[in-house]
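Visitor: What follows is a structure written as structure tokens; I'll ask about it next.
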Amino acid sequence: MNILVLGSGGREHSLVWAISQNPKCDALFAAPGNAGMEALAECVALDPEDGEAVVQFCADEAVDFVVVGPEAPLAAGVADTLRAAGVLTFGPSAAAARLEASKAFTKEICDACDAPTAGYARFTEAGPAKAYVQAQGAPIVIKADGLAAGKGVVVAMTLQEALDAVDDMLGGAFGAAGAEVVIEEFMEGEEASFFILSDGKTALPVGTAQDHKRAFDGDEGPNTGGMGAYSPAPVLTDAVAARAMETIIQPTIDEMAKRGTPYEGVLYAGFMIKDGMPRLVEYNVRFGDPECQVLMMRLGAQVLDLLIATAEKRLADMTVNWADDHAMTVVLAADGYPGDYAKGTVIKGVEALPQTVDLMTFHAGTKRVDGQLLSNGGRVLNVTARGASIEAARSAAYEAVDQINWPEGFCRKDIGWRAL
Ligand code: AMP
Ligand code: GLY
């Protein structure tokens, strides 16, 4: 099979890595890809959000299967365009991608199928929104309805923070994404992520993970896209997962099908778990980044079969072969991230690291110039290891991190502390 992966981050590097190990994979392309993927796939200059251009590329290169990594092309309808052109595609339609693109839509779906989630109200005017905040009190959570690159959520511990957030969002701080706000009850508990493949009807779990969103050790500092992750997530026990499938995931998939917008792809559910009861925090319509990296390390080559079965609506026939293993990924980021940071700084030592089924350095934001590896983003490398225990995975990951010489980068030293 000739396969094209859309995207350029660590998530897509790990997808390319796992897919390339499957004997069904013949030619493998990544668009646009990155320096880390070059050894595994042909990186092509193609805009992942330009559906017509992607269709044309598939025709030119006889691509049989497309895997869409990030949410932006999904929200833009690239999976729809590909399917309409007869290309087998992994990734939901734009209509189904609203589960990530609109927080208000997700709340509507939860209401319709009685899925446990935070109580909420929706507003387009600041006056009534602030009156609601005053009446509810703090802590309270204010969310911009649309895609705001992970920045559209304010967990307000005080009334003033909440009122300011309402003014900011409805005042245009997030453009159209903030034209409507969802104001939610603050949920207590421990957060974990659950990844489920859905072919529109059948749902198949492919792993659990926890990440660290804050930039610095001890979960301090600004929010980021994620500074590290591990799988499995101890708090998402089999019993909690089974309850989540029954009360949240399958009802969501059934509701989407009933509406004529079946969900086909990976559903990334964020839960707040308290006393063994999961409640939905949010959905994403793609693999998490860096959560995907730990899932791929654990799943390996079978991922391609699972993704194809999802696209071909054959998930009912599939099972996942689990090893009793653990994986951890540590993100190396450029000094200053998630604020301003320099690009183009030299990274040494990565080439000397082993690349095995138990240790991979996935590239998130790098480029190669004259044989040198340079940083090319905020999150730059994802050092990912697998072991028989979370401790073993952590030791292996940090040993590899120590081999990398990048004075202009930093990482958290405490990934996995909650599980350890
Ligand atoms: P989201 O973008 O919806 O995942 O929100 C970002 C983060 O805000 C989540 O990972 C949670 O840590 C937090 N959060 C969102 N909604 C709530 C809520 N209703 N109660 C408590 N924390 C929340
Ligand atoms: N790591 C969080 C995300 O991918 O949204």
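Visitor: Toward the positive end of the charge dipole of the range 83-122, about the Cα centre and with charges on Cβ (Lys, Arg +1; Asp, Glu -1), which of C110, A94, Y120 goes farthest?
Guide: So the residue furthest toward the plus end is A94.
Visitor: Would you list M157, M37, M318 from the most to the least accessible area, probe 1.4 Å? Please report the intermediate quantities before stating the final value.
Guide: On the way: M157 110, M37 0, M318 45 Å².
Highest to lowest solvent-accessible surface, that is M157, M318, M37.
Visitor: Using a Förster distance of 30 angstrom, determine the FRET efficiency expected from the C-beta separation of D275 and L159, and round it to 0.05.
Guide: On the way: r = 28 Å, r/R0 = 0.93.
The pair D275/L159 has a calculated efficiency of 0.60.
Visitor: What relative contact order, as a whole-number percentage, does the range 261-310 give when Cα pairs under 8 Å and 6 or more residues apart are counted?
Guide: 32 percent.
Visitor: Under the rule of at least 5 residues apart or a separate chain, name every residue whose amide H is placed under 5 Å from the amide H of D64.
Guide: N2, I3
Visitor: Among the GluC sites (Glu not before Pro) within the range 216-271, which fall in a DSSP loop and have no more than 12 other Cβ atoms within 10 Å of their own Cβ?
Guide: Numbers: sites: E220, E246, E255, E264; in loops: none.
Nothing satisfies the criteria.
Visitor: Over the Cα atoms of the chain, compute the convex hull volume and normalise it per residue, giving Å³.
Guide: Values: hull volume 56.7 nm³, N = 420.
Value for the chain: 135 Å³ per residue.
Visitor: What order do you get for 234-243, 346-355 when each peptide is scored by the mean count of other beta carbon atoms within 10 Å, highest first? Walk me through the numbers on the way to the answer.
Guide: Working: 234-243: 15.9, 346-355: 14.3.
Put in order of decreasing packing, that is 234-243, 346-355.
Visitor: Also: Could you compute how much accessible surface Y283 exposes when probed at 1.4 Å, giving the result in Å² to the nearest 10?
Guide: Accessible area of Y283: about 10 Å².
Visitor: From the backbone phi of the range 31-40, what are the Karplus-calculated ³J(HN,Hα) couplings (6.51 cos²θ - 1.76 cosθ + 1.60, θ = phi - 60°) in whole Hz, Gly and Pro given as x?
Guide: 10, x, x, 8, 4, x, 7, 4, 6, 10
Visitor: What's the magnitude of the charge dipole for the range 259-387 around its Cα centre, counting Lys and Arg as +1 and Asp and Glu as -1 at the beta-carbon? Answer in Debye, nearest 20. Intermediate values should be presented prior to the final figure.
Guide: On the way: 13 positive and 15 negative charges, 53 e Å.
Around 260 debye, computed over the range 259-387.
Visitor: Taking amide hydrogens as modeled 1.01 Å from N in the peptide plane, which residues meet the under 5 Å criterion relative to G77, leaving out close sequence neighbours?
Guide: A94
Visitor: Which Cα, out of L359, P338, A41, lies furthest along the positive dipole direction of the chain (beta carbon charges, K/R +1, D/E -1)?
Guide: L359
Visitor: Where nothing but the Cβ of Lys and Arg (+1) and of Asp and Glu (-1) is charged, how large is the charge dipole of the chain around its Cα centre, in debye to the nearest 20? Each step should come with its number before you reach the end.
Guide: Values: 32 positive and 58 negative charges, 43 e Å.
Around 200 debye, computed over the chain.
Visitor: Among A397, M169, Q56, whose Cα projects farthest towards the positive end of the dipole of the chain, with charges put on the beta-carbon of Lys, Arg (+1) and Asp, Glu (-1)?
Guide: The one lying farthest along the dipole's positive direction is A397.
Visitor: Roll a 1.4 angstrom probe over the protein heavy atoms and tell me the percent of accessible area of the range 134-268 that is carbon or sulfur.
Guide: Numbers: 2850 of 5460 Å².
The C+S portion of the solvent-accessible surface of the range 134-268 is 52 percent.
Visitor: How high is the relative contact order of the range 355-420, given as a whole-number percent (alpha carbon pairs under 8 Å, six or more residues apart)?
Guide: Numbers: 70 pairs, mean separation 17.3, N = 66.
About 26 percent, as a whole number.
Visitor: Right, another one. Could you identify which residue out of A95, A39, A392 has the top mean-square fluctuation in a GNM of the chain using Cα springs shorter than 10 Å?
Guide: Of A95, A39, A392, the Gaussian network model singles out A39 as fluctuating most.
Visitor: Whole-Hz ³J(HN,Hα) for each residue in the range 156-167, computed from phi via Karplus 6.51 cos²θ - 1.76 cosθ + 1.60 with θ = phi - 60°, x for glycine and proline: what do you get?
Guide: 8, 8, 10, 4, 4, 4, 5, 5, 4, 5, 4, 4
Visitor: Taking the chain as a Gaussian network, where each spring joins two C-alpha atoms under 10 Å apart, which residue of A149, A244, A96 fluctuates the most?
Guide: Most flexible of the set in this elastic network: A149.
Visitor: Here is a further query. Can you spot the lysines whose alpha carbon is less than 17 Å from K348's alpha carbon? Ignore those fewer than 8 places along the same chain.
Guide: Here the lysines satisfying the reach criterion relative to K348 are K367.
Visitor: Relative contact order, percent, of the chain when contacts are C-alpha pairs under 8 Å separated by at least 6 residues?
Guide: 17
Visitor: About its Cα centre, what dipole magnitude does the range 45-125 give when the only charges are +1 on Lys and Arg Cβ and -1 on Asp and Glu Cβ, stated in debye to the nearest 20? Don't jump to the answer; show the numbers that get you there.
Guide: Values: 5 positive and 14 negative charges, 77 e Å.
Roughly 360 debye for the range 45-125.
The values are calculated or read from the model by the stated rules, or taken from the named source; none is laboratory data. Bear in mind the structure is a predicted one, so any value in this text is a computation, not a measurement. Every residue, glycine as well, gets a Cβ built from its backbone with ideal geometry; the counts of neighbours run over all protein chains shown. Heavy atoms of the whole protein, side chains included, go into the accessibility calculation; ligands, DNA and RNA do not. Shrake-Rupley method; radii C 1.70, N 1.55, O 1.52, S 1.80 Å.
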